[in-house]
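The next block holds one structure in the form of structure tokens; read it before the comments.
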Amino acid sequence: MEKTMKIRPLLVAILIVGICFSSCTKQETEQLPTQQKKHLEVILRSQNGDYWKTVKMGAEVAAKEFDVTLDFRAPGDEADVKGQIALMEQSIQIKPDAIVLAANDYKDLAEVVMEASNFNIPVITIDSEVESKQTKSFIGANNYEAGQLAGKQLIKLVGSNSQIAIVSFKQGERNTELREQGLLDEIAHYPEMKVLDKVYSLTNRELAEKLTYDILQKNLSLDGIVALSEISSIGVATAIQNMNLTGKVKIITFDSTSEELELLQEGVIQATIIQNPFSIGYLGIKNAVEAASGKKIASRVDTGIKAIDLDNMFWSDNQKLLFPFIK
């Protein structure tokens with residue numbers, strides 16, 4: 001009986017200590033703050049076009065995989081450099097964990113990238129570069145090699161003794177300059193090939209169509225045209241169709257919009273140089289997350305290019321590039 005009486009106070013003491021410990025532990029657990037997801041700002045060159053929709057899709061897949069939140073911003077027009085700088089400044093004020101930027105101008109975006117760096121915000125560039133050492137990484141295609149590939153495709157179609165024209169995007173724009181240089185360097189291997197005209201259509205397909213019409217009116221013996229951007233590609237193809245020159249004047253284009261692929265099947269366009277916009281968007285977010293976490297990332301990631309024509313567009317590997325949103 002005495003033993004039982006001695007044990008009871010001991011049990012009560014243990015029970016009280018247990019309750020206190022449990023209560024304290026619970027209180028401490030409740031006071032622990034919930035870990036916030038990393039937030040990334042994504043600033044694209046434009047809100048419009050199949051290409052940018054695919055970049056956005058790749059970014060959204062990566063955001064889900066790496067459990068981060070995204071806000072997308074873009075000017076209404078790719079030529080609106082000031083508008084994109086203003087969007088960058090808005091993003092910097094939010095102080096995100098990182099910014100993913102597809103710059104509309106190689107030089108003009110450098111200052112605002114420096115501003116982001118001053119706030120210790122990592123900037124990852126995708127699709128187009130910025131003249132700044134403050135960017136952590138560039139993810140995109142090699143545009144010089146893309147221009148070379150366009151030149152090789154053109155030579156196959158029109159031969160080395162031919163007359164061609166170039167319909168480009170914007171004079172001084174980095175991607176345009178690199179594509180032009182690659183194309184012209186490739187053509188330089190064939191001294192008998194002549195570039196009769198080179199024009200810039202900005203982001204206006206109607207202007208691209210008119211410029212193409214003017215070129216053809218002046219040069220009736222033109223053999224081929226290289227269009228160096230998505231918008232100029234559609235404008236050039238429309239002019240060729242309307243002038244009943246389908247198949248007579250060969251066209252090499254850039255990118256893989258639904259319109260371009262339809263024109264490729266109709267024989268208006270003979271080949272198009274495609275990038276990998278889904279991977280560009282996906283890897284942009286992946287690298288931004290790693291940079292925000294303090295990890296070392298590659299300074300350049302080449303996402304590749306490929307020439308698509310009627311013979312290879314239905315290959316399974318190419319279908320995945322052309323239609324990444326179809327499972």
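The values are calculated or read from the model by the stated rules, or taken from the named source; none is laboratory data. Keep in mind that this is a model prediction, so the values were computed, not measured. Cβ atoms come from the backbone with ideal geometry, glycine included; neighbour counts cover every protein chain shown. For accessibility, only protein heavy atoms count, side chains too; no ligands or nucleic acids. Shrake-Rupley method; radii C 1.70, N 1.55, O 1.52, S 1.80 Å.
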- [ ] With a ≥ b ≥ c taken as the square roots of the eigenvalues of the C-alpha gyration tensor of the stretch 137-227, please select rounded if a/c is under 1.5 and otherwise prolate if a/b is larger than b/c or oblate if it is not?
- [x] oblate
Task: Virtual spin-label span in nm between D317 and K295, 7 Å along Cα→Cβ - done: 2.7 nm
Task: Volume of the Cα convex hull of the stretch 238-315, divided per residue and given in Å³ - done: 107 Å³
Open item on the list: If N is the number of residues in the stretch 30-181, what value comes out of its Cα radius of gyration divided by 2.2 N^0.38 Å?
Closed with: 1.24
Task: Point-to-point label distance, F72-E192, nm (Cα→Cβ direction, 7 Å offset) - done: 4.9 nm
- [ ] On the protein heavy atoms, probe 1.4 angstrom, tell me the percent of accessible surface of the chain carried by carbon and sulfur.
- [x] 52 percent
Task: Anchor K218: lysines whose Cα lies under 19 Å away (excluding residues fewer than 8 positions away in-chain) - done: K194, K198, K210, K248, K250
TODO: Using only C-alpha positions, report the orientation-averaged shadow area of the convex hull of the chain, nm², one decimal.
DONE: 23.3 nm²
Open item on the list: Roughly how far apart, in whole Å, are the Cα centres of the stretch 280-327 and the stretch 200-250?
Closed with: 29 Å
Open item on the list: Checking the a/c ratio against 1.5 first, then a/b against b/c, what shape does the Cα gyration tensor give for the stretch 183-267?
Closed with: rounded
Task: Relative intensity, log₁₀ I(q)/I(0), of the stretch 120-278 from a Debye sum that treats every alpha carbon as a point, q = 0.10, 0.16, 0.18 Å⁻¹ - done: -0.35, -0.84, -1.04
Task: Length released on extending from E262 to Q181, taking residue separation times 0.36 nm less the Cα-Cα span - done: 26.3 nm
Task: Accessible surface, 1.4 Å probe, highest first, among residues H39, H189 - done: H189, H39
TODO: Using only Cα atoms, locate the centre of the stretch 37-59 and the centre of the stretch 90-118, then give the distance between them in Å, rounded to an integer.
DONE: 15 Å
- [ ] Within 10 Å, count the other beta carbons around each residue, average over each peptide in 222-233, 298-309, and list them highest first.
- [x] 222-233, 298-309
